[in-house]
1. Which angle from 0 to 90°, rounded to the nearest 10, does the C-alpha axis of helix 157-169 make with the longest principal axis of the chain?
2. Over region 157-208, consider all pairs of different Cα atoms and compute the Kirkwood hydrodynamic radius from their mean reciprocal separation; express it in Å, one decimal.
3. What is the pair-distance distribution P(r) of region 1-140, computed from all Cα-Cα distances in 5 Å bins starting at 0, with each bin given as a whole percent?
4. Which of the peptides 193-204, 44-55 is most tightly packed, and how do the rest follow, going by the mean number of other Cβ atoms within 10 Å of each residue?
5. Determine, from the Cβ-Cβ distance of residue 154 and residue 122 and an R0 of 25 Å, the FRET efficiency 1/(1 + (r/R0)^6), rounded to the nearest 0.05.
6. Over the Cα atoms, compute the radius of gyration (one decimal) and Dmax (the largest Cα-Cα distance, rounded to a whole number) for the chain, in Å.
7. Calculate how steeply helix 119-137 sits against the longest principal axis of the alpha-carbon atoms of the chain, using the helix alpha-carbon long axis, and give the answer as 0 to 90 degrees to the nearest 10.
8. Starting from the Cα of residue 94, step 7 Å along the direction of its Cβ; do the same at residue 188; then give the gap between the two resulting points in nm.
């Protein structure tokens with residue numbers, strides 16, 4: 001059974017149909033890439049899965065239960081976490097604090113217990129810190145040691161991307177939605193991000209749905225590729241099958257180019 005399923009999902013804003021009768025499955029342990037030209041509806045799909053938007057029709061199923069219509073924080077506690085195309089870190093908080101904050105949705109201490117630093121609150125704080133350190137250790141020296149106490153704004157762009165992924169991991173997610181994780185990176189950083197996504201699956205045990213424009217990254221990470229255009233799925237399969245599909249070529253390059261292939 002698929003870990004995530006979108007069944008006949010549609011979403012419109014006014015008269016603009018952004019996602020149209022989309023069927024999509026992500027199996028446990030898979031890396032699935034969602035591609036398409038700008039305006040194809042890719043980020044809207046992420047927003048639907050994570051509860052930012054509610055589908056107009058259809059349903060979204062995660063681990064056998066319907067999550068469409070749930071609030072974003074509830075969906076996160078179910079095991080889905082995401083990153084954003086535009087980084088959304090707490091820049092004035094430390095690296096460690098940025099990861100710790102992702103875990104508080106699972107704590108049980110009350111506000112009063114936290115204010116008075118009662119035993120349960122202190123115990124949970126230690127557990128949260130340990131979890132954050134474990135997630136940051138996944139990234140090796142990039143986010144280790146003295147960096148824990150540095151403010152997030154002091155990190156390089158590539159390390160900010162890593163930190164945002166670490167924060168998503170700390171929510172206890174089983175499914176990671178990565179929105180253009182290699183955007184804005186140089187070739188070396190892009191290669192490292194490609195390797196990291198593979199490591200997240202192979203060593204971290206995560207299932208991953210990723211939006212990415214860099215076709216070298218898509219080729220390097222994907223078990224399957226799904227192509228959208230104007231909110232409609234136009235191709236699905238291996239990277240080679242999708243990359244050579246005439247409808248995909250047309251969506252990216254235009255009808256005349258597709259007809260000459």
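We did not get these values from a lab; they are worked out from the coordinates using the rules stated. Every value quoted in this text rests on a predicted model; they were computed, and no experiment measured them. Heads up, the Cβs are rebuilt from the backbone with ideal geometry, glycines too, and the neighbour counts pull from every protein chain shown.
1. Helix 157-169 sits roughly 80 degrees off the main axis of the chain.
2. 11.2 Å
3. Percent of Cα pairs in each bin: 2, 8, 14, 17, 17, 14, 12, 9, 5, 2, 0, 0.
4. 44-55, 193-204
5. Working: r = 29 Å, r/R0 = 1.15.
Rounded to the nearest 0.05, the efficiency is 0.30.
6. Radius of gyration, then largest Cα-Cα span, for the chain: 19.4, 71 Å.
7. 50 degrees
8. Distance between the two pseudo-spin positions: 2.9 nm.
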